[in-house]
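Input: a single structure, listed below in structure tokens.
The values are calculated or read from the model by the stated rules, or taken from the named source; none is laboratory data. Quick caveat, the model's predicted, so the values are computed rather than measured. All Cβ positions, even for glycine, are placed from backbone atoms using ideal geometry, and neighbour counts span all protein chains on display.
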Amino acid sequence: MIKKILHYICAIAGCILWTALLVLIIQQIFAYIYGLNLFEKRTYSVLSHFWNSGGVLHAKEIVLLLLTVLCLPLCIYGLKKLWNYKYIQLLTGPLNKLFNSGLEGYRPPDVNIKNLKIEEKKTIEQIVKERLDIEKKKQGQMEKTDIRKDIRDKIEESKNKSDL
């Protein structure tokens, strides 16, 4: 609800500014090209007198008439664009650029969640049992190495006996 109200306020303010800017630009164009001030009553009385006295429209006057007629569609088009504009992006755009300015070359490392191991909390008994199992495996490997060493010694002794 607040978002809609904020949008309406921004849209109405934008439409008012657009209309004022368009009117100012049109007034400056008319003052520069034709020497007319659109906000004076005398200008309209001169145009009315010219029209009623049978004045002939030349190219300059036709362009004046076309500009006058085309101002309304231009104003409506601008109002429609301003009404559909996302004003939050207008407000947050500079902040986003400022905060993201140093991060263009940064790419976070790829993480594969499937390969992550999540260990459960273990009790002391479980930890002791795991360590004992590891030690037993080491002892078993040491015993195997001792047996191999014994076999190797016996083979060497038998070679030495046969050589004698």
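Summary of values
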quantity: Test result for Ile16, closer than 30 Å to Asn84 by Cβ and without any contact (Cβ under 8 Å) to a residue 12 or more places away in the chain; calculated: yes
quantity: Output for the stretch 22-45, where each listed residue is in contact with a helix residue (DSSP H, G or I) (Cβ under 9 Å, 6 or more places away or on another chain) and either surrounded by 11 or more Cβ atoms within 10 Å (Cβ to Cβ) or of a type in the set (Val, Ile, Thr) (or both); calculated: Leu22, Val23, Ile26, Ile29, Phe30, Ile33, Tyr34, Leu36, Asn37, Leu38, Thr43
quantity: Close pairs from the stretch 35-58: first within 26 Å of Leu24 (Cβ to Cβ) and among the polar types (S, T, N, Q), partner at pLDDT below 85 and assigned to a helix (DSSP H, G or I), Cβ under 8 Å, at least 6 apart; calculated: Asn37/Phe30; Asn37/Thr43
